Amino acid sequence: GESVGLHLPTLSVQEGDNSIINCAYSNSASDYFIWYKQESGKGPQFIIDIRSNMDKRQGQRVTVLLNKTVKHLSLQIAATQPGDSAVYFCAENPQTGANNLFFGTGTRLTVIP
Amino acid sequence: DVKVTQSSRYLVKRTGEKVFLECVQDMDHENMFWYRQDPGLGLRLIYFSYDVKMKEKGDIPEGYSVSREKKERFSLILESASTNQTSMYLCASSYTRPVQYFGPGTRLTVT
């Protein structure tokens with residue numbers, strides 16, 4: 001079956017540094033990937049998405065990289081701020097035309113002031 | 001902005017009670033989802049719906065049922081609450097893109 005996992009469950013970075021959060025997926029047929037941020041006591045918040053026909057997509061201070069060869073997804077956060085402290089999830093859509101998502105268990109990012 | 005609201009942020013119920021969790025979205029989304037979130041287990045799909053009066057089982061439907069009588073509203077029902085249903089419950093909705101938009105969550109405690 002599909003699995004969406006993360007290499008590290010926790011990540012601590014200094015304020016102002018860049019953060020990289022990684023995610024592995026197993027279903028090569030997945031065509032859509034999404035990153036979510038979840039702050040304590042809140043629901044997941046959409047950050048950025050990327051289709052399988054792209055390698056890179058940039059947003060405001062965030063970049064998502066997709067390496068289909070090794071089935072790897074990463075989220076890069078530039079100039080990390082204390083407000084970036086949260087749990088970050090990756091999710092994959094394994095079936096074209098259906099909107100179900102499979103979620104990773106999350107990485108907790110802690111920003112050290 | 002997409003808005004997904006859930007009827008309660010915190011809920012405490014007794015074992016055996018019938019529990020209703022309500023979710024409303026204001027963006028005319030076709031698809032709605034109910035998840036539970038537990039430490040170390042991530043988000044697990046309970047039920048989802050692609051249209052009014054339509055429902056599909058997710059990965060862990062046992063002990064739950066759902067109702068979708070109107071497009072904007074998707075209800076999760078615990079027929080007889082048990083302590084192992086203590087969890088954070090998250091509702092989400094989506095349209096044509098697979099991106100799901102989540103509500104704030106309901107933290108349910110069953111004693």
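Considering region A:91-113, and only residues there that are within 14 Å of chain B (Cβ to nearest Cβ) and assigned to a strand (DSSP E or B), the residue that is surrounded by the fewest Cβ atoms within 10 Å (Cβ to Cβ) turns out to be A:Arg108.
Take region A:5-56 and flag every residue that is within 13 Å of chain B (Cβ to nearest Cβ), in contact with a Ser or Thr (Cβ under 9 Å, 6 or more places away or on another chain) and over 28 Å from B:Met88 (Cα atoms). Within region A:5-56, A:Asp31, A:Ser52 meet the criteria. Residue count for region B:68-111 satisfying the condition of being basic (Lys, Arg), under 29 Å from A:Ile48 (Cα atoms) and out of contact with any Asp or Glu (no Cβ under 9 Å at 6 or more places or on another chain): 1. Every condition in (1) in contact with an Asp or Glu (Cβ under 7 Å, 6 or more places away or on another chain); (2) within 25 Å of B:Thr96 (Cβ to Cβ) is met by B:Ser65 except one, and the failing one is (2). Among residues of region B:65-83 that are without any contact (Cβ under 8 Å) to a residue 24 or more places away in the chain, those with a beta-carbon under 8 Å from a residue that is of a type in the set (S, T, N, Q) at least six positions away or on a different chain give the pairs B:Ser67/B:Ser75. Considering only region A:62-74, I want to know if a residue exists there that is among the basic types (Lys, Arg) and either within 11 Å of chain B (Cβ to nearest Cβ) or under 26 Å from B:Pro104 (Cβ atoms) (or both). Checking region A:62-74: not a single residue is among the basic types (Lys, Arg) and either within 11 Å of chain B (Cβ to nearest Cβ) or under 26 Å from B:Pro104 (Cβ atoms) (or both). Among the residues making up region A:32-90, those that are of a type in the set (Asp, Glu) and surrounded by fewer than 17 Cβ atoms within 10 Å (Cβ to Cβ) are A:Glu39, A:Asp55. For region B:83-96, does any single residue satisfy the condition of being closer than 21 Å to A:Ile47 by Cα and either out of contact with any strand residue (DSSP E or B) (no Cβ under 9 Å at 6 or more places or on another chain) or loosely packed, with under 13 Cβ neighbours inside 10 Å (or both)? Yes; the residues of region B:83-96 include at least one that is closer than 21 Å to A:Ile47 by Cα and either out of contact with any strand residue (DSSP E or B) (no Cβ under 9 Å at 6 or more places or on another chain) or loosely packed, with under 13 Cβ neighbours inside 10 Å (or both). Residue count for region B:1-41 satisfying the condition of being touching a Gly at 6+ places or on another chain (Cβ under 7 Å) and aliphatic (A, V, I, L, M): 1. Residue pairs whose Cβ atoms lie under 8 Å apart, sitting 6 or more positions apart in sequence or on different chains, and linking a residue in region A:40-66 that is on the phi < 0 side of the Ramachandran plot and free of Cβ contacts under 8 Å to residues at least 60 places away in the same chain to a partner that is assigned to a loop (DSSP other than H, G, I, E, B) and hydroxyl-bearing (Ser, Thr, Tyr), are A:Ser52/A:Ser30; A:Leu66/A:Ser52.
Please tell me if A:Gln76 is of a type outside the set (Lys, Arg), modelled with pLDDT of 95 or more and more than 25 Å from B:Gly58 (Cα to Cα). Can you show your working first?
Values: of a type outside the set (Lys, Arg): yes; modelled with pLDDT of 95 or more: yes; more than 25 Å from B:Gly58 (Cα to Cα): yes.
The answer is yes for A:Gln76.
Being within 24 Å of A:Ile47 (Cα to Cα) and touching a residue at least 60 places away in the same chain (Cβ under 8 Å) is the requirement here; does B:Val24 meet it?
Values: within 24 Å of A:Ile47 (Cα to Cα): yes; touching a residue at least 60 places away in the same chain (Cβ under 8 Å): no.
No.
The set of residues from region B:77-93 being closer than 18 Å to B:Gly42 by Cβ and of a type outside the set (S, T, N, Q) comprises B:Met88, B:Tyr89, B:Leu90, B:Cys91, B:Ala92.
The values are calculated or read from the model by the stated rules, or taken from the named source; none is laboratory data. In this text the structure is predicted, and so the values were computed from the model without any measurement. When we count neighbours, we look across all protein chains shown, and the Cβ atoms used for this are built from the backbone with ideal geometry, even at glycine.
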